[in-house]
Amino acid sequence: VEWSTARVETMRLLLRPLRPRDLDELRLVDEDRRFRLWAAATDDRETSWMRTAVTERYTGRLLGAADLCVDPWRSAATARLEVSIAATARRRGYGGEVVRTLSAWAFRHGMVRVELLADPANEPAQRLALAAGFRREGQLRAALPTGRTRADAVLYARLATDSALPMRHGLPDV
């Protein structure tokens, strides 16, 4: 399977290869600057990856972007999933649908582990990870680039042998 040209569909979404004009369009609707941080963290990647535009399946409306990345310096069969949904499309279940769909796709194509990183202050992203069956594994210090500095991240992971059902426990009080 050629990851860079893969297309994945759900009942509502089409995940297709990301085009440069998609990035420009997403930057225009980046009200809370989250997409800018996502793009900065993923632009210069030197790994095997699947970079997708998240679109409505029937209208083609651009909703966000997602990367599924295999890092050659990490253990084999581990992928990192990064998702950015435009502010105007949030709270409609698109993020969870992308996470579940791309995780399942990765497992079908040989991955044993899929990881997500979330900003410790981004409670919706952490709830999304738990709802998609990911388990909280800990906090990584200075793991996310944020311009000239780095920020901490919470690590979530799901194994191919894990259930995709939501994790029952909530977020820890920290």
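Tabulated results
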{"quantity": "Residues being assigned to a strand (DSSP E or B) and open to solvent by less than 90 Å² (accessible area, probe 1.4 Å) - total across segment 5-24", "calculated": "6"}
{"quantity": "Hits in segment 56-100 - residues which are surrounded by fewer than 19 Cβ atoms within 10 Å (Cβ to Cβ) and of a type in the set (S, T, N, Q)", "calculated": "Thr59, Ser75, Thr78, Thr88"}
{"quantity": "Residue pairs meeting the criteria (Cβ under 9 Å; at least 6 apart or on separate chains; first in contact (Cβ under 8 Å) with a residue 24 or more places away in the chain and farther than 12 Å from Arg80 by Cβ, in segment 132-145; second surrounded by fewer than 18 Cβ atoms within 10 Å (Cβ to Cβ) and polar (S, T, N, Q))", "calculated": "Gly133/Ser163"}
{"quantity": "Some residue of segment 32-41 being of a type outside the set (A, V, I, L, M), within 19 Å of Leu144 (Cβ to Cβ) and modelled with pLDDT of 70 or more", "calculated": "no"}
{"quantity": "All positions within segment 128-169 that are surrounded by fewer than 17 Cβ atoms within 10 Å (Cβ to Cβ) and charged (D, E, K, R)", "calculated": "Arg135, Glu137, Arg141, Arg148, Arg150, Asp152, Asp162, Arg168"}
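The values are calculated or read from the model by the stated rules, or taken from the named source; none is laboratory data. Being a predicted model, the structure only gives us computed values, none of them experimental. Positions of Cβ are generated from backbone atoms using ideal geometry, with glycine treated the same way; all protein chains shown enter the neighbour counts. Heads up: the accessible areas ignore ligands, DNA and RNA and are worked out on the full protein's heavy atoms, side chains in. Shrake-Rupley method; radii C 1.70, N 1.55, O 1.52, S 1.80 Å.
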